[in-house]
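Please treat every number below as a calculation from the coordinates, not as lab data. Predicted model only: the values in this text are computed from it and were never measured. Because the Cβ atoms are built from the backbone with ideal geometry, glycine has one as well, and the counts that use them run over all protein chains shown.
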Amino acid sequence: MKKIEAIIKPFKLDEVKDALNEMGIKGMTISEVKGYGRQKGHKEIYRGAEYIVDFIPKVKIEIIVEAAMVDAVVTKIRETANTGKIGDGKIFVLPVEEVIRVRTGETGKEAI
Amino acid sequence: MVDVELRAKRDALEYLWRQGLSGQPLLHKHSQLIDDYLVACFANCPEAGEGMSLVALGGYGRRELFPYSDIDLLLLHAPEAEDRLDPVTQALFYPLWDAGLEVGHGVRTLDACLADARQDFFFQVALLDARHLAGSQPLFTAMHQAFHKALIAGHRREFLQNMMQHRNERHQRYGMHSYQLEPHIKESRGGFRDIQAMLWVSHALFGLQDLQAIEEAGLISPQEKESFGQAWDFLIKIRNRLHYLSGRKNDQLFFEYQEEMAKAFRYSSTRGTLGVERFMQDIYRHLQTIATTTDLFFEHVDETLGAPRANPVEQTIEPGITVRQDRLHLTDQALIEKRPYLLMRLFAHAGKTGLEIHHRSRKIVAANLHLVDDRLRHSKRMAKAFLDVLENARDVLEVLSVMLETGLLTAYIPEFEQIRALAQHDVYHVFTVDRHLLQTVAELKKLSINKTPFAGVESPHVLALAALLHDIGKGHHEDHAQRGSELVTGIAKRLGLTGPETACLSFLVEKHLFLTVTALRRDLEDDVFIRQCAEQIQTPERLTMLYLLSIADAKATGPTAWTEWKGALLLEISLKIAHLLERKDTTLPDKSQGAGWMLAQVRALMGKAAPADGTILPEEYLLSFPPEEVAHHLRLRAGLKHEKQAITEAANHKLFWSVLVMAHDSTGLLAKICGTLALHGLNVVSAQIFTWEDGTAVDVLNVRPAAEQSYAEQDWRALGEDLNLALKNRLGLSHRLVDKFRAAYRAPGQKNVQAAPRVVIDNKASEQYTIIEVFANDRPGLLYDITRTLADFEINIHRARISSDGDQVVDVFYTLDSFATKINNPSFQEEISKALLHIAENETGTGAKLQW
């Protein structure tokens, strides 16, 4: 089992969510995050005053999938969230040791 | 086996309820059923009898027993009966517990009762409703009399204070966000506890037994009694069903029950509103009725019994309105009928002074709503007072809430009726629509325009109206923003707004979600899209209004609607649109379309008059103006005959004016322009400076007048003449500036605490230019001195932004040295820094102190 964490542009959320739903992925965790990578923060100068935007708003999606699904999911996110511009985001794939459903106590594949 | 019998009886009751028995009759029947059972139990228990009295307390004492309410009992006993108590309590209480009822029970002597009642206010009020069920009547009567003697008589004021304090604490606890969506019909504001509080006080303090008696005593009006009674009946039915539905003692209208309740009470969905929304609207309205009536009741009683207030002196603030004991009063019914706009004036005064409106005057407002007719809705005086509240009230939420509760707001703006107490059946909108609108006005007031980067707002009243009315179109099946924008046109007309103001209000209401939705759902790096946004918004002022409205709207929606994360996205899109709007022309091609395309447009516009060689126009210049203006500049260029001549043209953009200056470029040209503008009382806000390849300078300076002065009053011709003199070196700008502002000299020793001036030279922020920032305390002629200094170093200024931040100004210059390269040499940088610091630290240029 793997956890896929994708940091994407906020306006891409709906598209990515729909695309993943179509693939049969029904559950995900979404959070509003801020940060910066290569895009850095930027400085806006407007009417003489500076507005420093040091952390840029992004959306984080977290999904747990079986290892066999990872490639397909990552590709789908990459295709959907891509605008070709800087700041499109990143995808991380992490190993997951165990998944447990709180209500039933099911583990592993059944609990995803 | 008795509990089986009891259970069967209660099942029978539920059966009756299913057959349609509800309201008071159900409560009475339930009480009777329990009464019969307990009386029988008591009679059948051999040990029960002498020296004992079984007493019903609280709601049960009042015979208002809801299906799963607690059954509060007191076994009152004489000290001698102590030994016989055990079997009696077993016989009475065990079957009740076995039947699954919630029993609140106490076994006390008379003295213990009084002692406990002194300690515990809740027990004290429970005793108010004490009712004898079985056993010794004399014992009960003795307790009853002792209780009144010890705790009520002679303690009336204390009793009232306690009651009011508990009521306030309860309102606070149950007024939080979660209870807005899911009202607690017992404890929330306007719930059963408020009804009881009023009845207890009437009963204990004035011996009034019911609503009828309270009305006859003049504590509430007949109209109040009627709507109060209806609300009460309605809430009883709701609570009965809620208990049966939940299968337990639950008094909070949880989300999951709301729909089922609405269906049960035959609220069906129509186009535009769900049944459950109209059901909740009725609930909120009834809760509000009870809240308003009991508020007024308590204020009235408090005034009657309470300590005399300070400030007994009466002060008339306008005919018909006085201040007495820190409350505003309407004093003259005849005058109100003659000048009904006094009703609104009362609220304007409440807003201005921050004083509360006396409860009697609130009732007077409510009783005079018939005077608010179509004519009054068109009255200028009325509109003025109303807008005064919106714009200037100290606590605008409080004043508008009272205006809503008295009914004046809906009478004045009938469009409000549709959304009054309208609930939205989701977890996102915490408040009913009307409250949300009032909240938005309050949130808007908290936002300081100075904290935003955007242009000022010329008509704050239009923005405040937009906040108050942006959701006015809700409750219909059409798009609420669209419907709202149509409705507000009519409202604006009645309020006497001008054509442009009306258009602006309608625009704001129609687009109130635009920025928020766009910021979240669209690619903010899509230049074409941003340009479309700018085209829709049209002016920087509208953008500012929309930006402020979006924030206020979100903050007033609920705890989850506004986050800093959203704020960052909103700021980003707004800044992007603002940059485009500042360039005035939104059809401007972006860089991808290139300068070549622009040049072709200019040529097409000018035809034969077009210059043969377009390459004299630098790319950056071409990308900064629309083709029409470039063509205009080229035509003006033909009028420049001499080296030392300037063409000056002014234009009015409302929030600022712009001055176009065209001249042959020369060292110090910008300094002379800035000096001349200062001499004519104009502050430069920003500047764009270009030089064509043929040496023509095209400078556009955005300015604001230093004094209150209209565009027409400004002597533009004299400005042009002076600039020409300055260019011919015939005008001594330095001494004239000092002369002109000598009157503004500040007496020594009055200097404010000011931040130290500083100069920052930055080569990183811009790829192309060296950015020089000067932070200085503002004074007339400062910009002239700075630009002159830069000219001495042969530094070319290509763009400038001047803004003030309190006392300090921040002047930002995009510069290149005389070889058109960035200023990289550290020692040269230091030299420039020192020279500019010298200028910035020198408060007047002559050493004297200036006030600006």
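Oblate is the label for region B:653-841. Its Cα gyration tensor axes, ordered a ≥ b ≥ c, give a/c of at least 1.5 and b/c at or above a/b.
Principal axis extents of the Cα atoms in chain B, from largest to smallest and rounded to whole angstrom, are 124, 60, 57.
Checking the Cα-Cα distances for A:109/B:555; B:493/B:566; B:9/B:237 against a 31 Å cut-off, the pairs over it are A:109/B:555; B:493/B:566. Within region B:2-153, DSSP assigns beta bridges of which about 60% are antiparallel (rounded to the nearest 5). Here the contact order of region B:137-223, divided by its residue count and restricted to Cα pairs under 8 Å and six or more residues apart, works out to 18 percent. Can you tell me how region B:2-153 classifies by the Cα gyration tensor, rounded, prolate or oblate, using a/c under 1.5 as the rounded cut? Oblate, since a/c reaches 1.5 and b/c is not below a/b. List the aspartates and glutamates whose alpha-carbon lies under 17 Å from that of residue A:76, not counting same-chain residues fewer than 8 positions away? Cross-link targets: A:5, A:14, A:15, A:18, A:22, A:62, A:66, A:88. Sequence-distant contacts, meaning Cα pairs under 8 Å at least 6 residues apart, place the relative contact order of chain B at 6 percent.
Ordering B:196-204, A:100-108, B:460-468 by mean Cβ neighbour count within 10 Å, with the highest value first, yields B:460-468, B:196-204, A:100-108.
Of all DSSP beta bridges located in the protein assembly as shown, what percent are antiparallel, nearest 5?
In the protein assembly as shown, approximately 90 percent of DSSP beta bridges are antiparallel ones.
For the residue pairs B:186/B:263; B:384/B:446; B:149/B:225; B:338/B:474; B:29/B:186; A:58/B:446, alpha carbon separations beyond 24 Å are given by B:149/B:225; B:338/B:474; A:58/B:446. Taking a straight line from the alpha carbon of residue B:740, these aspartates and glutamates sit under 19 Å away, with near neighbours fewer than eight places off in the same chain left out: B:708, B:713, B:715, B:721, B:722, B:778, B:785, B:843. Partner lysines whose Cα lies under 23 Å from the Cα of residue B:822, excluding those fewer than 8 positions away in the same chain, are identified as A:43, B:591, B:764, B:834. This ranking places B:132, B:470 by how few other beta-carbon atoms lie within 10 Å of each, fewest first, which gives B:132, B:470.
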